[in-house]
Structure formats: structure tokens, C-alpha cells
Amino acid sequence: MNETLERWSSRRAFILAVTGAAVGLGNIWRFPYMTGENGGSTFLLLYIAFVLLLGLPVMMAEILIGRAGRRSPMQSLGHLARAAGASPHWRWLGVFGVITVFFILSFYSVVSGWSIEYLVESINGNFAGGTPQAIGANFNDFLADPLRMTFNHTLFMLLTMSVVAAGISGGLEKLNNLLMPLLYLLLIVLAVYATTTHGFGTAMAWLFTPDASAITLSVVLNAMGHAFFTLAVGACALMAYGAYMPDHQSLPRAVAAVAVLDVLVALLSGIAIFSVVFSQGMDPGEGPGLMFVTLPIAFAELPGGSLWLAIFFLLLLLATWTSSINLAEPMVATLQGAGLKRGRSAALVGVAVWAVGLLSVLSFSTMADVHWIGEMNFFDLVTTVPTDFFLPVGGLLIAIFAAWVMSAEAAERALDAGPGGFRTWRALVRYVSIPLVVVVLLSGLF
């Protein structure tokens, strides 16, 4: 395959695209409940530190491979490996990335379908005045209804693949240019609203007052793993975006802007969520159910709660939409590299992911008692293995390839940070980020 002719139209478009890829369930769903379970401010500060030491260097490694290769992830890895005199089998890392994003998108679409359901429920005011028991039962009833779950899953996949099929300038870029500013506007509106609640001061103190006594090995490992997960690295998806990166743009500066925007989403969503939770005297450590059970209960007790809850779930839907497009792009790019047109590639990917996603849908109803590994049903399996094992393995191999395998000249040119910047980045990846990724991988295994 020759070099792709597609490019992001501007530096701003590239930054918004990568930010849209990074911002998603990790920031708005996973970050709040992980923070709640791991002591608030301690987890937050460790998370930011590991974003700088682990997430950003590996993110730069993944993007620069795509930028240097200017092909699909599989084709870029093979091309750069041959150019460096290394084994062409490195191209199979691109296939591993496709497998990873395939399974992640299959459950991502199902969970994103929950946000569609809750957006409609909030607009209709169905949570207003509801008791905790009724709201919790409503969520369980929804999960146990395969028809409603399938409808929302199908709708979300159609939304995702229609944008991917439209291409870089006509689809991905237009959507990101529209939705990312809207997402931040909604976040700011929610954060301003949070300042009017009784729990705002408590939430701010809990989030931003350092507490060294709360540092434990578990908290450190969880912060490390979340920093890696939230930036969407390790699946070769950003490699596909890197192939479309404009010429003469400093990669470290662009990625630094993405990191600031990504962390900002987590902070603003945390402020909004925990202000509401503390206003109602609820426990911030409710776990994964914080988003779909605790928050509706908390908002139901507040004046105008239905409106604010609807805004929140609209925000979640927008974030997961832009992120899911990033998951689909490397699969579509790989099929394009094999000679298929983009529209047909998007259709094939969409149908295949949708079909596998049905197994996650049925994991809450007819297949709830079907166990694949130990006590895990299919949904448990695909939400655990790809994120806890595949992503760290992919990130480790990507970092090794960029810092040790591909030619220094090609890597330095793609990084576009000058000789000094390149040496600093490579040393950081080799001697800090790679060992930290190994720790993330081992912590997920054991």
C-alpha cells in the first residue's frame, strides 16, 4: 500500500481528533468511580503524574509510528521494520491492535447504548422523585431487556460507522470540530452548576487536598493503569490518526495539548459528579454503578435535576461517540490497506462488531449464566481482558518498536521536536515508560 493521501486539514483538527479519541468512558465513567474507590485526591495526583511519565511518551510513540509510515497500522509497522533492517513480522502488531479494538468497541457500543437510554429517560423526567430502590430496579430491568439493549447498541453502531464511512475530512474531522467544543461547553455548564450545590466545597476538598496517608500499592497501580487506559494508547488506533497528521507539526506540543484537554475533562466531570454526590450525602466509592444508579438518585433530589441529568448523559454520549470512532478507524484502515473501499470497509467492520456486541447484550439476560472463564460472562470477559491485558501488551510493544527498533532518523523526523527533544523522549520511553508499562501489565495479570 502506498502512503495515504488523506491528512487532517490543520494542526487544530489533529489535536481535536486525538482529544476526541482519548476522551470517552475512561474520563467520564471510569475516572469518577476509580477516584471514588481510591481515596479522591491521592488517586487524582498519582493519575496526573502517570499521565506525564507513562501515558504521554507512549502516546507519542504510537502516533509517530503512524506519522512515519503514513499507512494503515499494519502496513506502517511492516514498512518501518523493513527500512530499519528488522523483522517484518512486527506488522502483526497491527493485527493484534485490530483484534484489541474490535473487542473493546463491541462492549463500548453496548455501554454507550446505556447513555442513549438514560438520556431519553432523563428528558422524559422518569427519574424525578424516584426512590433509590425504584431507580436501581429500573436499571436492572433495562439490562435484562435484550430488545431495548439491542436497539440502543444498534443505533450507536450506526452513528459511529456512518461517520467513519464518510472519511477523514468529510466525517471524522467535521464531527470532532462540532462535538468537542460542545462537549467542553456542557462540561463547563455542569461544573458551574456544581458550584451552586451544597456539596461543592466538600467535593473540592476531597479532590484537591493531598493525603499522603492514603497512598497504597493498590492506589498507585490503579492510578498507573487508568493513566494508560484513559489516553487510548496501546491498540494502534492513534497510529491510524498519526498517519493523517499534518507535516511540520511538533508532536510533543500537540500531545501535550491533548493531555491537558483530556485531564480537564476528567477534572470537570469529577467536580460535577462529586458535588452532586456529596450534596446528597452519598458514598463516592459506589464503584461502576456510580454513573447509572447513584447519579440518577442524586439528581432526582435536586431542583431541575432532570435537566441537569439529561445534560450529563448527553455529554457522556458525545464523548463515547467520538471515542468509538477512534476505535473503528484502525480496523477500517486495515481493510482499506487490503484494497477495499472505505464505505465497504466501514460496513463490514460495523456488522462484525455489532454481531459480537450482541453477546455482551445477552450477558445480562439469556446468557447471564453462561461463563467463559471462571465466573465471567461474556461482558465481564471483554471488559477485562482487552483493557487489562491486550492494551498494556500492545503499548509495551509499540514503545519498544518506536524507541528500540525503528530507525532513529525516522523517529526523530516524525517526532519533530529537534535533536534534544528526541533524545529526551527516547530516554524517557526506554528507561521510564517501558518499565512502568511492564508494571501495569503485571498488575493486571496478578
Looking at the range 79-89, which of its residues are modelled with pLDDT of 95 or more, open to solvent by less than 60 Å² (accessible area, probe 1.4 Å) and of a type outside the set (A, V, I, L, M)? Ser87
Specify the residue that is nearest to Phe31 (Cα to Cα); the eligible residues are those in the range 224-242 that are aromatic (Phe, Trp, Tyr) and in contact with a Phe, Trp or Tyr (Cβ under 9 Å, 6 or more places away or on another chain). Phe228
For Ser250, which of the numbered conditions (1) modelled with pLDDT of 85 or more; (2) open to solvent by less than 10 Å² (accessible area, probe 1.4 Å) fails to hold? (2)
Given the conditions (1) open to solvent by less than 40 Å² (accessible area, probe 1.4 Å); (2) without any contact (Cβ under 8 Å) to a residue 12 or more places away in the chain, report the number of the one that Val260 does not fulfil. (1)
If you go through the range 279-302 one residue at a time, do you hit one that is at pLDDT 85 or above, in a helix (DSSP H, G or I) and open to solvent by 40 Å² or more (accessible area, probe 1.4 Å)? no
Quick one: Phe127 ticks every box in (1) among the aromatic types (Phe, Trp, Tyr); (2) in a helix (DSSP H, G or I); (3) open to solvent by less than 20 Å² (accessible area, probe 1.4 Å) except a single one, so which number is it? (2)
Any residue at all in the range 1-16 that is closer than 26 Å to Thr383 by Cβ, touching a residue at least 40 places away in the same chain (Cβ under 8 Å) and in a helix (DSSP H, G or I)? no
Check on Val51, over 16 Å from Met331 (Cβ atoms), open to solvent by less than 10 Å² (accessible area, probe 1.4 Å) and under 19 Å from the mean Cα position of the chain (by Cα): yes
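For every residue, the table says whether it meets (1) buried (at least 16 other Cβ atoms within 10 Å of the Cβ); (2) touching a Pro at 6+ places or on another chain (Cβ under 8 Å).
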| position | (1), (2) |
| --- | --- |
| Gly350 | yes, no |
| Val361 | yes, yes |
| Ala368 | no, no |
| His371 | no, no |
| Gly395 | yes, no |
| Ala403 | yes, no |
| Ser407 | no, no |
| Ala410 | yes, no |
| Phe422 | yes, no |
Within the range 23-93, which helices (runs of 4 or more DSSP H) (wholly inside it) include 2 or more residues that are among the aliphatic types (A, V, I, L, M)? 41-50, 56-69, 73-83
Checking Phe142, Phe156, Phe151, Phe200 in turn, the sole residue that is farther than 30 Å from Tyr241 by Cβ and open to solvent by less than 10 Å² (accessible area, probe 1.4 Å) turns out to be Phe142
Restricting attention to the range 159-184, and to residues there that are open to solvent by 40 Å² or more (accessible area, probe 1.4 Å) and touching a Leu at 6+ places or on another chain (Cβ under 7 Å), which single residue is nearest to Val349 (Cα to Cα)? Asn177
Exactly one of these conditions fails for Val120: (1) of a type in the set (Val, Ile, Thr); (2) open to solvent by 10 Å² or more (accessible area, probe 1.4 Å); (3) touching a residue at least 40 places away in the same chain (Cβ under 8 Å). Give me its number. (3)
Confirm whether Ala243 is open to solvent by less than 10 Å² (accessible area, probe 1.4 Å) and not acidic (Asp, Glu). yes
Qualifying residues in the range 23-39 (those that are among the aliphatic types (A, V, I, L, M) and closer than 20 Å to Phe208 by Cβ) - the one most open to solvent (accessible area, probe 1.4 Å): Met34
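Results for (1) in contact with a helix residue (DSSP H, G or I) (Cβ under 8 Å, 6 or more places away or on another chain); (2) modelled with pLDDT of 90 or more, shown as yes or no for each residue.
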{"position": "Arg148", "(1), (2)": "yes, yes"}
{"position": "Met161", "(1), (2)": "yes, yes"}
{"position": "Leu172", "(1), (2)": "yes, no"}
{"position": "Ala191", "(1), (2)": "yes, yes"}
{"position": "Ser213", "(1), (2)": "no, no"}
{"position": "Ser218", "(1), (2)": "no, no"}
Considering only the range 424-443, state which residues are touching a residue at least 40 places away in the same chain (Cβ under 8 Å) and surrounded by fewer than 19 Cβ atoms within 10 Å (Cβ to Cβ). Val432, Val438, Val439, Ser443
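The values are calculated or read from the model by the stated rules, or taken from the named source; none is laboratory data. Please read all numbers here as calculations on a predicted model, not as lab measurements. Neighbour counts run over all protein chains shown; Cβ positions are idealised from the backbone, glycine included. Side chains are part of the model used for accessible areas, which takes the heavy atoms of the whole protein and leaves out ligands, DNA and RNA. Shrake-Rupley method; radii C 1.70, N 1.55, O 1.52, S 1.80 Å.
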